[in-house]
Every structure is written in C-alpha cells, then in structure tokens.
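K.L.:
Pasting a structure here, questions to come.
The values are calculated or read from the model by the stated rules, or taken from the named source; none is laboratory data. From a predicted model like this one, the values you see are computed outputs, not experimental measurements. Cβ placement follows ideal geometry from the backbone for every residue including glycine, while neighbour counts extend to all protein chains displayed.
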Amino acid sequence: MSTGTQTVLAGQVEAAAKAGGLALVGIGEGKDFSGSPTAKFMLALASDPSKKHLLELSAGFEFSTGGLKGLVENYLKETAVRMKNPRPDCYMTLHGLPLSMGKFEWPFHASTSGADTFIVHGETRLEDGKESVLHAKIAASMTRTFAEVVPALEQPFAESFIYNAVRKTMDQGQLELVKSGNRQPVPVTTRYYSPKRQKFIFNDTTEAQRHEYLAAKAFWLSGVLGGGAPVWLVDPRDAQYLDTTVEELRKTAQAVAGDGLIRLAADTDFGTPTEALMGHKAQYEKELAEALQFIKPSFNEEMRAGHTNM
C-alpha cells in the first residue's frame, strides 16, 4: 500500500470517525484472504479512550464521494453508541444464547472452491460469564446476487447483516458451538433481503418475543457480563435482526421497564436489569442449556457412539 493511498484513506476515516464521536488512534497494514493489502484503523471512543474498535478496509477503498460517505459515517455513529456497552462485541439470540463476534477477516474474498460466492471468515463464542471454550468458526458466504444489493464488500456495509445471519443460522440449529473444529457455513442469500421493502429481514417477531429478548439482553449483557453497566436497548442491529424499528424497540423497552424488569437510563435508550430480573437466573440458565442442546446435532452423537453405517 503506497503512502499516498494510506494517507488519503486515513484522512477519510479520521473525518468520518470524528463526526461519529470516535478518534483515530492507530493505523496499521494487513492482508486480506487473497494476500491483497488492507488498511487497519484503530478507533477509540472519544468519551472513553479505553473503548476501541478495529476497522479494516481494502487498501484502495474510496468512500469520499457518492452515497458511501454517508453510509460509513452512519456506521461509525452507531458503532460509537454501541461501544458504550460494557461488552460491545456481544449479542443475544432469540433462543437465549449470549454470543460474542470477533476475528472477522474483512473484506470479503471470492470463494476459492469454485463456488460463485464471496466469503468472510470470523468467529462467534458463547459468553455465559464462565470460562467457556465453546465457539464456532464461521465462513459466511454471500451469493453474487445478494452482493448486488450491498454498496461495497467492506466491513461498514456488511458487518450488521453478517452478524445477524450468524444469529439467524444459530436460531435455526445450523451452527454448533464446539471446543474445536473446522469452519461452519453461514449462507447469506436473497431470502434475507426484501427488494420490495428494500430492507434486510431475518426474523418475524411478535411484541412478546421482543419483550423477552430485551429482558434477556439486559440480564446477560448487563447483569452477567457487564457488571451492571447500562446496555443499549435500541440498537439498530437488533432492530434489523428482529424485523422491527428502533422506535418500536424503544416502546418495548419502556414496557419491560414498566414490568419492573429493567431500569431505563435518563435518555431511555440504555438500561440495566433490576433485582427482580436478576432473580430469574435459574430460568435464563435453563434456557441457555436448552438452546445449546438444540444446536447440538443428534447425528454427531450417534456417530461418536459408533451407531452409523456410513
């Protein structure tokens, strides 16, 4: 990567980060899956420099013109709010699994197996407050048809729907959390996108499900993993996952607070669990155990026991 290219891209990232409440605190070089150069930017939350976020872009990426600039700025603004969470890398699934997302190798690369897809590798881990080693190495594959609706095959434009596709695949019992193992596929196809509505769609949820989801999020991400620090209850990434809006999530959060399960912060978008909610520990641990059992393929157990004629 030439010095000039790095300087231009760094300037664009620094300006977009500043607009979103972030500061550029480090620049490095990397390589993507194909060996092409990438630029790594370490961003810190302006109000709390200890909170950091890694942004990796293709070295020759350009987003100063067209609609890309606004999309990158919006991504970084949302990232800055998410970084106020005690564990910004953690998310809930509808089945009650607290997961972290990490080690994603951006940007996408063309499949090397001959398939007509783009791939990004990463990892999701179980985060239950214990020394868990359960994880799944991810190979998220996006069809070329799907790629046509994505502005660019870079982190700011894909991170949200890739993380939600991982959660959705976990909801379907098609990802197994293991102690060790090969990469598991996460297909990302046009079934996750509605051309008519021009939006991503992952789950058709009811108000009751969203109520349960936010309560579980407060329990795990604040009460268990966050030391009681407030969590962002109206994350647009969750709204996309639950096929709802930020406004509806805000109403749901108010309803959960009205039931005495969470305390809303002054701005109402962040909240913490009440003692009553933390008293449901046995219930949440039971749901987690059931979810882990659900994603554990029964055929694997039969093969491990030697009950197979394959």
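K.L.:
With (1) surrounded by 13 or more Cβ atoms within 10 Å (Cβ to Cβ); (2) under 16 Å from residue 161 (Cα atoms) as the list, and residue 199 as the residue in question, which single condition is left unmet?
P.N.:
(1)
Every residue, every condition in (1) in a strand (DSSP E or B); (2) of a type in the set (Gly, Ala, Ser), yes or no:
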{"site": "181", "(1), (2)": "no, yes"}
{"site": "186", "(1), (2)": "yes, no"}
{"site": "196", "(1), (2)": "no, no"}
{"site": "205", "(1), (2)": "no, no"}
{"site": "208", "(1), (2)": "no, yes"}
{"site": "211", "(1), (2)": "no, no"}
{"site": "215", "(1), (2)": "no, yes"}
{"site": "220", "(1), (2)": "no, no"}
{"site": "223", "(1), (2)": "no, yes"}
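K.L.:
Follow-up. Return the residue satisfying two criteria in turn: it lies in region 143-168 and is of a type in the set (A, V, I, L, M) and part of a loop (DSSP other than H, G, I, E, B), and of such residues it is surrounded by the fewest Cβ atoms within 10 Å (Cβ to Cβ).
P.N.:
Here the residue is 149.
K.L.:
May I ask you to verify whether residue 33 is surrounded by fewer than 20 Cβ atoms within 10 Å (Cβ to Cβ) and among the hydrophobic types (A, V, I, L, M, F, W, C)?
P.N.:
So residue 33 fits the description; yes.
K.L.:
Of all residues in region 39-92, which are closer than 14 Å to residue 18 by Cβ and part of a loop (DSSP other than H, G, I, E, B)?
P.N.:
46, 47
K.L.:
Of all residues in region 71-104 being surrounded by 18 or more Cβ atoms within 10 Å (Cβ to Cβ) and farther than 27 Å from residue 271 by Cβ, which is nearest to the chain's Cα centre (by Cα)?
P.N.:
So, considering only residues that are surrounded by 18 or more Cβ atoms within 10 Å (Cβ to Cβ) and farther than 27 Å from residue 271 by Cβ, the one nearest to the chain's Cα centre (by Cα) is 104.
K.L.:
Let me ask something additional. Taking the stated definitions as given, is residue 68 buried (at least 16 other Cβ atoms within 10 Å of the Cβ) and either farther than 19 Å from residue 235 by Cα or touching a Lys or Arg at 6+ places or on another chain (Cβ under 6 Å) (or both)?
P.N.:
yes
K.L.:
Can you name the residue in region 225-241 that is free of Cβ contacts under 8 Å to residues at least 40 places away in the same chain and not in a helix (DSSP H, G or I) and, of all such residues, is surrounded by the fewest Cβ atoms within 10 Å (Cβ to Cβ)?
P.N.:
234
K.L.:
For the structure I just gave you, tell me whether residue 101 is closer than 18 Å to residue 71 by Cβ, part of a strand (DSSP E or B) and in contact with a strand residue (DSSP E or B) (Cβ under 8 Å, 6 or more places away or on another chain).
P.N.:
Taking the combined requirement at face value, the residue does not satisfy it.
K.L.:
Same structure, new question: Consider region 244-272. How many of its residues are among the small types (Gly, Ala, Ser), modelled with pLDDT of 95 or more and surrounded by fewer than 20 Cβ atoms within 10 Å (Cβ to Cβ)?
P.N.:
The total comes to 4.
K.L.:
May I ask you to say which residue of 137, 52, 69, 77 is charged (D, E, K, R), in the same structural domain as residue 33 (by TED's automatic domain parsing) and in contact with a strand residue (DSSP E or B) (Cβ under 7 Å, 6 or more places away or on another chain)?
P.N.:
52
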